[in-house]
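Structure first, then comments.
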Amino acid sequence: MEKRSGKNRKNIQIGLLVEVVQKQHQRSGELTEGFVKRILTNSAKHPHGIKVMLDTGEVGRVQNIIEEDE
């Protein structure tokens with residue numbers, strides 16, 4: 001199973017299950033899991049991860065894309 005990078009915008013879609021790091025948790029690296037509601041980064045790539053808004057309203061940069069078993 002190929003691991004998709006959260007640093008490439010093309011890998012991220014609305015409704016995808018991801019783990020993000022919020023700004024206040026960048027030092028600790030604490031991850032928050034949720035579904036993508038909006039993609040906030042306009043550029044194709046970002047070295048720290050694409051910034052998204054989760055369906056809970058939390059904002060963070062995508063660290064991991066969680067592959068759901070189909």
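The values are calculated or read from the model by the stated rules, or taken from the named source; none is laboratory data. Since the structure is predicted, the reported quantities are computational estimates derived from the model, not experimental observations. So basically every Cβ, Gly included, is an ideal-geometry build from the backbone, and we count neighbours across all protein chains shown.
Among residues of the range 43-69 that are under 15 Å from I14 (Cβ atoms), those with a beta-carbon under 8 Å from a residue that is among the hydroxyl-bearing types (S, T, Y) and not in a strand (DSSP E or B) at least six positions away or on a different chain give the pairs I50/T41; K51/T41; V52/T41; I65/S5. All of T41, T56 fail the test of being surrounded by 13 or more Cβ atoms within 10 Å (Cβ to Cβ), polar (S, T, N, Q) and touching a strand residue (DSSP E or B) at 6+ places or on another chain (Cβ under 6 Å), apart from T41. The requirement of being surrounded by 11 or more Cβ atoms within 10 Å (Cβ to Cβ), at pLDDT below 95 and assigned to a loop (DSSP other than H, G, I, E, B) is not satisfied by G49. Can you tell me which residues in the range 18-34 are of a type outside the set (S, T, N, Q) and either touching a strand residue (DSSP E or B) at 6+ places or on another chain (Cβ under 6 Å) or in a loop (DSSP other than H, G, I, E, B) (or both)? Passing the criteria: V18, E19, V20, V21, R27, G29, E30, L31, E33, G34.
Can you pull out the residues in the range 1-17 that are in a loop (DSSP other than H, G, I, E, B), at pLDDT 95 or above and polar (S, T, N, Q)? Hit for the range 1-17 is Q13, nothing else.
For V62, are the conditions met, namely being surrounded by 11 or more Cβ atoms within 10 Å (Cβ to Cβ) and in contact with a Gly (Cβ under 6 Å, 6 or more places away or on another chain)? Taking the combined requirement at face value, the residue satisfies it.
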